[in-house]
Amino acid sequence: MKQKLTSKEEMLMNIFWEHGSMFIRDLISYIPEPKPHYNTVATLVKFLEEKGFVEREPMANSFRYKVKISEKKYRGNTVSDVVARYYNNSYASLVSQFVEDDKIDLEELKALIATIENKKK
């Protein structure tokens, strides 16, 4: 998945990830005020479908939309893209940046190392 989400598309995907399958009217109910017009949301959902993030299921005379890509997969791909673009594909460089900027402390780093060691067993 190399498709990127706009901020509005990501807002809609966050709603889908949190609440599951729904119709466009349901989706609109979760959007904060001022609520966009139905057609605006329908167009954004169409873009999400074209990008492969959601798929539609016919229901009576309407469509219910469901997620095709999990939030975990999307976030993982996004992080991978950042690491590739800014850290020369080196996750170690990313972690080093966090250490240098005091964004991660020694205890968190030790816990991360323990997690990695446990996965290798």
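In segment 1-73, which trypsin sites (Lys or Arg not before Pro) fall in coil by DSSP and have 14 or fewer other Cβ atoms within 10 Å? Numbers along the way, then the final one.
Values: sites: Lys2, Lys4, Lys8, Arg25, Lys46, Lys51, Arg56, Arg64, Lys66, Lys68, Lys72, Lys73; in loops: Lys2, Lys4, Lys51, Lys68.
Hits after loop and neighbour filter: Lys2, Lys4.
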Review point. From the list [x] 7.2; [y] 10.5; [z] 8.6, can you say which value of mean projected area of the Cα convex hull in nm² was derived from the structure given?
Key: [y]
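Pop the C-beta distance of Ala42 and Tyr86 into the FRET formula with R0 = 35 Å and round what comes out to the nearest 0.05.
On the way: r = 35 Å, r/R0 = 1.01.
In this case the efficiency is close to 0.50.
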Review point. Counting Lys and Arg as +1 and Asp and Glu as -1, what is the net charge of the other residues whose Cβ lies under 13 Å from the Cβ of Glu71?
Key: +2
**Study point:** Extension gain from Glu71 to Ser93, taking 0.36 nm per residue of separation minus the Cα-Cα distance
**Key:** 5.5 nm
Check your understanding: Cα centroids of segment 1-58 and segment 72-121: how far apart, whole angstrom?
Key -> 30 Å
Review point. So who's got an amide H within less than 5 Å of the one on Lys68, skipping anything under 5 residues away but keeping other chains? H placed 1.01 Å off N, in plane.
Key: Val54, Glu55
Practice item. Return the calculated 222 nm mean residue ellipticity for the chain, to the nearest 500 deg cm²/dmol, obtained by summing -39500 (n - 2.57) across DSSP H runs with n ≥ 4 and dividing by the residue count. Key: -19000 deg cm²/dmol
Review point. Quick one: Karplus J couplings for segment 40-49, per residue in order, coefficients 6.51, -1.76, 1.60, θ = phi - 60°, nearest Hz, x for Gly and Pro?
Key: 5, 5, 4, 5, 4, 5, 4, 4, 4, 5
Review point. Where does the charge balance sit around Arg25 when Lys and Arg score +1, Asp and Glu -1, over other residues with C-beta under 12 Å from its C-beta?
Key: +1
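Values quoted throughout were computed directly from the atomic coordinates according to the rules given, and no laboratory measurement underlies them. Quick caveat, the model's predicted, so the values are computed rather than measured. When we count neighbours, we look across all protein chains shown, and the Cβ atoms used for this are built from the backbone with ideal geometry, even at glycine.
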